[in-house]
Amino acid sequence: MNHNFRYILLLFCFLTSLTSFGQVPPKPKAKPNPNAAATIPELQEEEQDTSKSDLVIIDHADIAIGITGEGRQLFKEVRQVELRQGNTYMYCDNAFLYDNNDVVAWGNVIIQQGDSVNIFSDSLIYKGFQKKADLYGDVVLESTQQKLFTNRLTYDLSTKVATYNEGATLTNDTTHLTSRIGYYYVKEDVAYFKDSVVVVDPEFELKSDTLEFNTKDKIAYFLGPTLISQNEGKIYCEDGFYDIENKQAEFTKNAQYQKEEQKAWADVMTYDGNKKETTLTGNARFIDGEKNAKADVIRYEEATDITNLEGNAYYKDEKQEIRSERILYDSENEVYSTKGRSRMSDPPQILEADNIDYDGETGIAIGNVIWQDTTADISISHCDSAVYIKDEDYFKAMGGRPLLTTLMDDDTLFLASDTLVAYKENPEDSIRTMLAFEDVRLFKSDLQAVCDSLVYSEMDSLFKFFKNPIIWSDTSQFSADTLHIQLVDKKVNRIYMYRNSFMINSPDEIYFNQIKGKNNTVFFEDEEVRRMKVEGNAESLYFALDDNEAYIGFNKTVASEMLLYFGNNQVDNIKFYTQPKAKFTPMKKATDGDMKLENFNWQTGRRPMTLEQLFLSKQNKK
């Protein structure tokens with residue numbers, strides 16, 4: 001996002017040259033050439049200002065021819081002459097002096113006004129009483145460091161205003177300024193250049209409609225459409241200024257910048273040469289190929305190569321999209337950070353947080369973090385902080401109660417824990433593994449679960465629950481040392497129960513059907529339990545009902561293996577693989593101890609029945 005406005009400093013070279021326009025000029029460097037001659041424009045009669053007595057005086061002449069009549073001198077011809085009027089001196093090869101104090105001169109004409117201005121020309125018409133000079137033919141206005149070249153120049157010695165309207169060129173060493181019309185107000189320390197203004201320098205070129213320069217404060221003002229070009233870069237504006245001494249520049253009114261694929265727009269573009277800082281303010285926008293940045297303010301610090309996007313900040317390149325209240329980008333190290341609510345889109349992944357720091361490989365997100373994978377329909381939210389590693393597609397959410405949300409069986413599955421991790425073992429493919437640990441809780445409208453840690457792999461669509469896991473489905477509770485849920489087409493297909501397996505089913509939470517064994521496998525169809533295979537030390541206890549659905553007793557069966565069939569979440573039939581031991585106990589003879597198998601533990605208090613219960617503390621949950 002380097003905006004390449006550095007060449008603005010090059011304006012200093014040109015604008016500094018203008019500061020000498022009107023400073024102390026040198027004395028004439030040569031005597032007039034007596035052989036020079038020029039065509040004299042016709043002298044037009046003007047009303048004489050008889051209130052002025054400042055007469056043009058001949059200080060020296062090689063030849064002087066006078067005509068007198070009626071007691072006064074009407075006309076004289078002077079050659080190789082030096083004239084004076086006050087502190088103004090004129091030199092020329094030939095001159096006519098009129099009795100109205102006017103002068104027509106030609107041949108190596110020189111005007112020196114005190115120590116302020118030297119002007120050279122081929123010919124001159126000078127109104128003595130009005131103190132106005134019209135100079136013609138190879139006119140040169142010279143000062144200490146510069147020269148102004150034109151074919152015609154008007155200079156008012158009283159007001160010290162020089163004007164031209166037929167084109168002129170101002171030179172200073174290797175810098176050249178041309179314009180069709182120009183005004184220089186010596187007393188006000190202001191110069192104007194109008195109409196087709198062009199500044200050419202080895203380092204840059206400037207074209208403008210109107211340019212104003214304050215020679216005292218050393219400030220140049222752009223008063224019309226202006227185009228500055230350097231090293232294939234261009235700045236356009238229709239108003240603005242450059243303060244040379246303070247090294248401050250401002251470009252306004254349709255301000256634009258372009259260099260190759262780089263383009264920038266803003267209501268105001270400013271440059272601080274002391275800080276080497278460029279700022280785009282108001283509807284600021286920058287484009288560089290695939291890179292696109294927008295903000296209320298874009299500020300570039302040349303010394304650190306850091307760009308700040310402030311206010312409604314937006315940045316997009318070929319890989320990612322970022323939105324934030326503020327984006328800070330370090331071009332040299334390719335690192336960015338955000339402040340204020342931020343959104344980074346790296347399809348198919350989206351990351352939101354109050355602050356994000358990212359170095360192109362590793363990102364740290366802090367405050368109300370939200371992460372999404374739009375392709376896999378997975379999101380993680382409700383976490384205080386997160387770490388993201390791009391190359392490994394690794395995301396770790398911590399703090400608060402990170403919540404994973406995804407679709408399962410046309411329903412939303414919510415999973416919360418103290419820490420959530422998502423990563424891809426091979427970033428080249430789309431298979432992701434997710435880890436959740438410490439106080440894991442899962443909620444779905446027809447399925448709930450708790451455990452201490454969990455692993456899910458998209459490779460086999462298998463959830464693995466570890467350490468005190470429990471799964472609830474409708475009126476059934478499943479527990480074991482380890483539990484697995486197998487998904488097929490994002491639907492629960494099987495539950496695998498390993499070691500100390502125990503299933504409890506109760507429609508009324510008064511009497512409990514129970515099945516236990518070493519390893520159990522539960523088969524689902526249409527979101528309901530259809531079969532259960534019990535392997536190793538199988539035991540079952542289920543209650544029998546009469547035709548009025550009243551409890552009449554319970555069957556207790558022991559076998560090495562058994563297969564149970566379910567209907568409406570109740571046992572319909574049992575198949576035994578070995579000879580079972582069975583006993584029926586009527587309700588009248590049943591005791592509480594008889595109606596529960598060893599290690600019976602109905603834990604509905606741990607069951608998360610709502611989304612809100614995923615976020616309760618362990619103490620409140622108990």
So which residues in segment 489-513 are buried (at least 21 other Cβ atoms within 10 Å of the Cβ) and within 30 Å of A376 (Cβ to Cβ), if there are any at all?
-> V492, I495, M497
What number of residues in segment 350-391 are part of a loop (DSSP other than H, G, I, E, B) and touching a Lys or Arg at 6+ places or on another chain (Cβ under 7 Å)?
-> 3
Considering only residues that are among the aromatic types (F, W, Y) and more than 20 Å from S501 (Cα to Cα), look in segment 548-582 and name the one that is surrounded by the fewest Cβ atoms within 10 Å (Cβ to Cβ).
-> Y551
Within segment 606-622, of all residues that are in a helix (DSSP H, G or I) and at pLDDT 90 or above, the one farthest from C451 (Cα to Cα) is E612
Which members of segment 291-315 meet the condition of being more than 8 Å from the chain's Cα centre (by Cα) and not small (G, A, S)?
-> K291, D296, V297, R299, Y300, E301, E302, T304, D305, I306, N312
Residues in segment 564-586: is at least one within 25 Å of D452 (Cβ to Cβ), of a type in the set (S, T, N, Q) and in contact (Cβ under 8 Å) with a residue 40 or more places away in the chain?
-> no
Exclusive hit being closer than 24 Å to E318 by Cβ and either surrounded by fewer than 18 Cβ atoms within 10 Å (Cβ to Cβ) or without any contact (Cβ under 8 Å) to a residue 60 or more places away in the chain (or both), set D354, D384, D391 | D391
Give segment 187-237 a look and list any residue that's touching a Gly at 6+ places or on another chain (Cβ under 7 Å), hydroxyl-bearing (S, T, Y) and under 19 Å from T171 (Cβ atoms), or say none.
-> Y192, S208, T215
Within segment 496-529, count every residue that is within 19 Å of K596 (Cβ to Cβ), in a loop (DSSP other than H, G, I, E, B) and either out of contact with any Leu (no Cβ under 9 Å at 6 or more places or on another chain) or at pLDDT below 90 (or both).
-> 6
For N493, are the conditions met, namely being at positive phi and either in contact with a helix residue (DSSP H, G or I) (Cβ under 6 Å, 6 or more places away or on another chain) or not in a loop (DSSP other than H, G, I, E, B) (or both)?
-> no
Test set (1) crowded, with 17+ Cβ neighbours inside 10 Å; (2) in a loop (DSSP other than H, G, I, E, B) - V297 fails condition number = (2)
K490 is checked against (1) in contact with a strand residue (DSSP E or B) (Cβ under 6 Å, 6 or more places away or on another chain); (2) of a type outside the set (A, V, I, L, M, F, W, C); (3) more than 20 Å from F566 (Cβ to Cβ); (4) at pLDDT 90 or above and fails just one. What number does that condition carry?
-> (4)
When the residues of segment 395-421 are filtered to those that are of a type in the set (A, V, I, L, M) and surrounded by fewer than 17 Cβ atoms within 10 Å (Cβ to Cβ), which remaining residue is farthest from the chain's Cα centre (by Cα)?
-> L407
Residue in segment 211-225 that is closer than 27 Å to T88 by Cα, touching a residue at least 40 places away in the same chain (Cβ under 8 Å), among the hydrophobic types (A, V, I, L, M, F, W, C) and buried (at least 17 other Cβ atoms within 10 Å of the Cβ) present | yes
Output for segment 186-197, where each listed residue is in contact with a Ser or Thr (Cβ under 8 Å, 6 or more places away or on another chain) and either surrounded by 18 or more Cβ atoms within 10 Å (Cβ to Cβ) or at pLDDT below 90 (or both) | V186, K187, D189, V190, A191, Y192, F193, K194, V197
Taking the condition touching a Pro at 6+ places or on another chain (Cβ under 6 Å) and farther than 17 Å from Y89 by Cα, does T174 pass?
-> yes
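The values are calculated or read from the model by the stated rules, or taken from the named source; none is laboratory data. Computed from a predicted model, the values in this text were never measured in an experiment. Note that each Cβ is placed from the backbone with ideal geometry, even for glycine, and that neighbours are counted across all protein chains shown.
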